[in-house]
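The values are calculated or read from the model by the stated rules, or taken from the named source; none is laboratory data. All values derive from a computational prediction rather than experimental measurement. Heads up, the Cβs are rebuilt from the backbone with ideal geometry, glycines too, and the neighbour counts pull from every protein chain shown.
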Amino acid sequence: MKKIWEIFSSIKTAIVLFFLIATTSIIGTIIKQQPTPEGYEKLYGPTFTKVIKALELYDMYHSWWFQLLLILFALNLIICSIDRLPRILRFFKRETRIKERDYLNSLPIKCRHRAKNLTPEQAKEKVLSILKEKGFSPSEEEKQGESLYLFFEKGVINRLGVYITHFSILLVLIGGLIGSIFGFTGYITLVEGGKSNNVVLRGGFSNKPLPFEIECDKFEVQFYKNRPDVPKEYTSYVKVIENGKAVKSAKIEVNHPLVHRGIYFYQSSYGVFSSENGLLTVKIRDKRTGEVRKVQLRVGETQKVPDMGIEVKLIAFYPDFVITEEGPTTRSQELRNPAALVEIKKGNSTIKSWVFAFFPNVHEKKSDYEVKFVSFKPVFYTVLQVSKDPGVWLVWIGCILMIVAIMITFFYPHRRIFVWITPQSKGTEIALGFSTNRNQEAFKRLAEEVCEKIKKEL
């Protein structure tokens with residue numbers, strides 16, 4: 001047990017553990033934490049994918065060995081703190097503040113002055129007045145025979161700064177462990193009108209069912225006017241279903257998540273599930289009369305426009321139009337180059353017109369009708385990032401506490417001033433000793449100012 005205690009109370013152990021945590025964190029940054037198993041095989045090959053799966057590198061920060069490193073580092077911090085605590089606590093004891101005059105020789109900054117016409121009491125009042133101007137009040141005052149002893153102190157809490165820092169790191173580690181063990185991060189994919197409670201965890205190697213269902217009522221996406229292929233914002237309108245009843249409705253946007261039972265649902269991405277059942281809106285203008293009407297159509301559907309005396313039918317729609325040897329087709333289901341084939345029938349006359357979203361001036365010139373693309377709403381699917389981290393508040397508290405601790409450690413040094421006032425045959429001698437644990441040069445300048453002022457006063 002003594003050997004184990006020595007290992008965990010060593011600074012070397014802390015450095016080694018910190019190095020391992022930092023190195024593995026870099027690995028977790030390099031190796032993508034979200035691809036599917038197929039994605040890993042494509043990126044790294046089947047052999048390395050097996051290594052990734054065995055070591056849980058696909059979700060490294062939740063792996064058992066990374067959690068073990070955090071536990072060992074936390075244990076090291078606790079034992080280091082306990083091992084060094086007695087030395088720190090002595091600064092808070094009264095007996096450690098009372099020093100004999102010989103202690104002056106061990107101090108790094110000191111000065112002596114003699115007052116010929118002052119008694120020890122008068123000299124004491126001079127010293128108290130000067131140090132009060134510098135913001136020091138006596139913490140101890142004692143008579144040592146015929147001599148007087150004064151002790152001044154500021155920033156003693158600085159001695160606890162390291163321990164507050166250690167405690168804040170422990171809070172962050174404990175919060176991280178709680179989140180790692182009891183929390184999760186994954187994704188849920190919903191088609192418009194569909195619902196699910198199945199969360200695919202990071203890496204895609206496992207799933208987690210939720211105690212409720214999420215239903216997507218509607219999905220909306222808006223594009224930039226000058227870049228119709230670039231989304232400006234996208235929104236999911238969802239409901240939370242528990243025991244077959246809707247208990248909550250929400251509008252999920254980027255940076256505006258839904259929170260339910262401590263689980264966060266963030267808008268992550270989206271895609272086109274199907275264009276076959278999508279709704280196309282076109283604008284038809286009669287070139288002879290100037291009349292304009294908007295018509296909404298689905299593939300294979302016919303709409304009558306009584307004002308114009310025509311029937312409009314959507315024969316085909318291509319989300320990503322391209323012409324191949326076989327004829328017109330689509331390269332993908334994404335709206336990258338939307339095009340539609342529209343049929344306009346008036347009496348016995350039938351006209352077919354191509355409509356292009358990004359090339360609005362392409363149409364049948366011989367036709368009496370101009371057809372323009374307005375919009376197309378396919379059936380979308382939305383991808384929500386699902387996250388639960390019950391330890392996040394401990395992490396936040398630890399971070400705030402760490403900032404406070406660092407400020408205390410570096411900006412509020414522990415400063416001590418020892419004063420011995422001794423009567424002598426030719427007057428009174430005043431000896432001052434100064435000690436600080438940080439920023440000694442700045443304190444040395446302050447000490448020189450105090451000594452010089454006492455010299456002038458005496």
Checking GLU334 against (1) of a type in the set (D, E, K, R); (2) part of a strand (DSSP E or B); (3) out of contact with any Leu (no Cβ under 8 Å at 6 or more places or on another chain), which single condition isn't satisfied? (2)
Unmet requirement for LYS304, which otherwise passes all of (1) of a type in the set (D, E, K, R); (2) without any contact (Cβ under 8 Å) to a residue 60 or more places away in the chain; (3) under 26 Å from SER349 (Cα atoms); (4) surrounded by 17 or more Cβ atoms within 10 Å (Cβ to Cβ): (4)
May I ask you to list the residues in segment 384-397 that are surrounded by fewer than 21 Cβ atoms within 10 Å (Cβ to Cβ) and under 23 Å from LEU170 (Cβ atoms)? LYS388, ASP389, PRO390, VAL392, TRP393, LEU394, VAL395, TRP396, ILE397
With the condition kept exactly as written, say whether any residue in segment 174-183 is of a type outside the set (A, V, I, L, M), assigned to a helix (DSSP H, G or I), surrounded by fewer than 17 Cβ atoms within 10 Å (Cβ to Cβ) and free of Cβ contacts under 8 Å to residues at least 40 places away in the same chain. no
Could you say whether any residue in segment 414-437 is farther than 30 Å from VAL259 by Cα, acidic (Asp, Glu) and surrounded by fewer than 16 Cβ atoms within 10 Å (Cβ to Cβ)? no
When you scan segment 300-318, how many residues do you find that are of a type in the set (Lys, Arg) and within 17 Å of PRO328 (Cβ to Cβ)? 1
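From ILE408, ILE403, grab the single residue that is outside any strand (DSSP E or B) and in contact with a helix residue (DSSP H, G or I) (Cβ under 7 Å, 6 or more places away or on another chain). Don't jump to the end; show me each part of the working.
Details: ILE403 fails: in contact with a helix residue (DSSP H, G or I) (Cβ under 7 Å, 6 or more places away or on another chain).
Result of the check over ILE408, ILE403: ILE408.
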Part of a helix (DSSP H, G or I) and not small (Gly, Ala, Ser): does that describe LEU160? yes
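Is one or more of the residues making up segment 138-151 within 30 Å of CYS80 (Cα to Cα) and assigned to a strand (DSSP E or B)?
First, pick out the residues of segment 138-151 that are within 30 Å of CYS80 (Cα to Cα): none.
No.
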Of all the helices (runs of 4 or more DSSP H) wholly in segment 1-110, which have at least 2 residues that are under 28 Å from the mean Cα position of the chain (by Cα) and at pLDDT 85 or above? 11-30, 64-89
Matching residues, segment 313-329, being crowded, with 18+ Cβ neighbours inside 10 Å, touching a Phe, Trp or Tyr at 6+ places or on another chain (Cβ under 9 Å) and at pLDDT 90 or above: PHE317, PHE321
